[in-house]
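Below is one structure; the comments refer to it alone.
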Amino acid sequence: MGYAGMGKKNRAAHWQEHEQSADKAEKARSKPLKDDKAKAWRKACADYLLANRYCYDCTKRGYTSPADQVAHIDQPISQVKFWNIDNWQALCEPCFQRITEGKPLTVQEPIPKDAKLYTVK
Ligand SMILES: [Zn+2]
């Protein structure tokens with residue numbers, strides 16, 4: 001069967017298949033980006049904890065506990081709230097669990113460094 005024998009319908013199916021596989025490739029490419037976001041957040045937390053070694057909530061109550069988690073003060077519902085260091089607090093594990101109630105964190109897209117919001121000193 002030559003090319004001429006290939007019906008219009010077959011060609012359409014062929015292109016649809018082609019688009020589907022291109023779509024799949026697109027999805028595979030976007031996956032590492034998600035990991036990059038999580039990685040950026042973990043890195044930011046590690047940097048923040050180097051500068052903020054004690055649990056913020058325990059300190060308020062007159063205790064000193066080493067912090068090992070970072071939580072947001074206001075819900076990080078926007079990119080700015082998420083990455084604004086003024087909205088972060090260092091917490092010990094028990095305080096972190098109590099304050100976040102074990103809710104999973106949705107990491108927002110990092111803000112470019114020149115926006116001067118994500119600056120860990
Ligand atoms: Zn604490």
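The values are calculated or read from the model by the stated rules, or taken from the named source; none is laboratory data. Computed from a predicted structure; not experimentally measured. Ideal geometry is used to build each Cβ from the backbone, glycine not excepted, and the neighbour counts take in all protein chains shown. We work out accessible area using only protein heavy atoms, side chains counted, and drop any ligands, DNA or RNA first. Shrake-Rupley method; radii C 1.70, N 1.55, O 1.52, S 1.80 Å.
In whole percent, how big is the carbon plus sulfur part of the accessible area of the stretch 31-115, probe 1.4 Å, protein atoms only?
54
Please compute the per residue accessible area over the stretch 31-115 with all protein chains in place, 1.4 Å probe, rounded to a whole number of Å².
On a per-residue basis, 67 Å².
Are there trypsin sites (Lys or Arg not before Pro) in the stretch 35-92 that DSSP marks as loop and that have at most 14 other Cβ atoms within 10 Å, and which are they?
Listed in order of number, the matching sites are ARG53, ARG61.
Using the Karplus curve 6.51 cos²θ - 1.76 cosθ + 1.60 with θ = phi - 60°, what ³J(HN,Hα) values do you get for each residue of the stretch 51-67, in whole Hz, with x for Gly and Pro?
My calculation for the stretch 51-67 gives 8, 10, 7, 10, 5, 5, 6, 5, 4, 4, 9, x, 9, 10, 10, x, 8 Hz in order.
By how many nm would the segment from LYS103 to ASP23 grow when fully extended, if each residue of separation counts as 0.36 nm and the alpha-carbon distance is taken off?
Result for the pair: 25.6 nm of gain on full extension.
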